[in-house]
Amino acid sequence: MGLALVVAALAGAMLALRFVLPRLAHRSFIAGRFAEARRRYRAIVWTSVSRRRRAAARVSIAGAYLAEGRWADGGAATDAIDGDALEPATRAGWFNNRAYAALRLGARDAAAERALVQVREALRLRPEVPALLHTEGLALLATGRTDEAIRVFESLWEHGNLGPRLESERAADLARAWAARGETAYAADYARRARQALPDAPWNASDDAVAPAAVMDPALVD
């Protein structure tokens, strides 16, 4: 009887690790509690017997760094992952994180073109994810394709409610794009919308959001 109880408890713990912990980690991520999300994703890496789940958790750890504005840490965490070993859905997040980290760290010229190729590969694998489209817009902006970038940012509305984080980021990058076109009134309006949607977001940290030379934003496929 005692052994049966121990076995049942262990089985329950394994089920909790398999099903509950990923949901808790994802909930922390969506709520913007990124340090907590990383701790939970790391627990999945340490405890899961599934190679697929461990790989997805590592990609999500990198995404949590990026979403928090820790671009260099997110880039390093992404670079430490072997993308060729990932399943397609997880590889889409990995490609997106690579592109997003590079763009946020100021990629230009060949590096920005490389980021555009990476995010388009992510979109080929998961065309339905709005955050990937947003990263494509960032890459277009970084490569000087400003009108295309604006069209991509505007098209995100076709995906319904984006949530405050992605909407704030979209607005901040539209501010940069319109500023690059010399449309300062549009730029100022979108910068205001970005701050209104999520005042403490890393892309709203400075008052240069409307400067034509400002750089780029998000990622995160969780």
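The values are calculated or read from the model by the stated rules, or taken from the named source; none is laboratory data. Keep in mind it's a predicted model, so treat the numbers as computed, not measured. Positions of Cβ are backbone-derived with ideal geometry, glycine not excepted, and every protein chain shown enters the neighbour counts.
Table for the structure above
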{"quantity": "Matching option when the condition is crowded, with 21+ Cβ neighbours inside 10 Å, within 29 Å of PRO88 (Cβ to Cβ), modelled with pLDDT of 95 or more and not aromatic (Phe, Trp, Tyr), among ALA191, ALA149, ALA175", "calculated": "ALA149"}
{"quantity": "Pairs, first closer than 17 Å to ALA191 by Cα in segment 143-168, second acidic (Asp, Glu) and buried (at least 17 other Cβ atoms within 10 Å of the Cβ), C-beta under 8 Å, six or more apart", "calculated": "ALA149/ASP173; PHE153/ASP173"}
{"quantity": "Residue within segment 113-121 that is at negative phi, small (Gly, Ala, Ser), under 16 Å from the mean Cα position of the chain (by Cα) and surrounded by 17 or more Cβ atoms within 10 Å (Cβ to Cβ) present", "calculated": "yes"}
{"quantity": "Residue list for segment 7-32, filter: at pLDDT 50 or above, within 17 Å of ARG54 (Cα to Cα) and either not in a helix (DSSP H, G or I) or not basic (Lys, Arg) (or both)", "calculated": "ALA16, LEU17, PHE19, VAL20, LEU21, PRO22, LEU24, ALA25, HIS26, PHE29"}
{"quantity": "Residue in segment 129-138 that is at pLDDT 95 or above, within 17 Å of the chain's Cα centre (by Cα) and among the acidic types (Asp, Glu) present", "calculated": "yes"}
{"quantity": "First in segment 81-107 and free of Cβ contacts under 8 Å to residues at least 60 places away in the same chain and closer than 23 Å to GLU128 by Cβ, second anywhere and assigned to a helix (DSSP H, G or I) and among the acidic types (Asp, Glu), Cβ under 9 Å, 6 or more apart", "calculated": "ARG91/ASP84; ARG91/GLU121; PHE95/GLU121; ARG98/ASP79"}
{"quantity": "Boolean, ARG114 is at pLDDT 95 or above and not small (Gly, Ala, Ser)", "calculated": "yes"}
{"quantity": "Residue tally, condition buried (at least 16 other Cβ atoms within 10 Å of the Cβ) and out of contact with any Lys or Arg (no Cβ under 9 Å at 6 or more places or on another chain), over segment 194-206", "calculated": "1"}
{"quantity": "Which listed residue is under 19 Å from GLU169 (Cα atoms) and free of Cβ contacts under 8 Å to residues at least 12 places away in the same chain, from ALA67, ALA31", "calculated": "ALA31"}
{"quantity": "Elements of type helices (runs of 4 or more DSSP H) in segment 40-119, at least 1 residues being acidic (Asp, Glu)", "calculated": "71-79"}
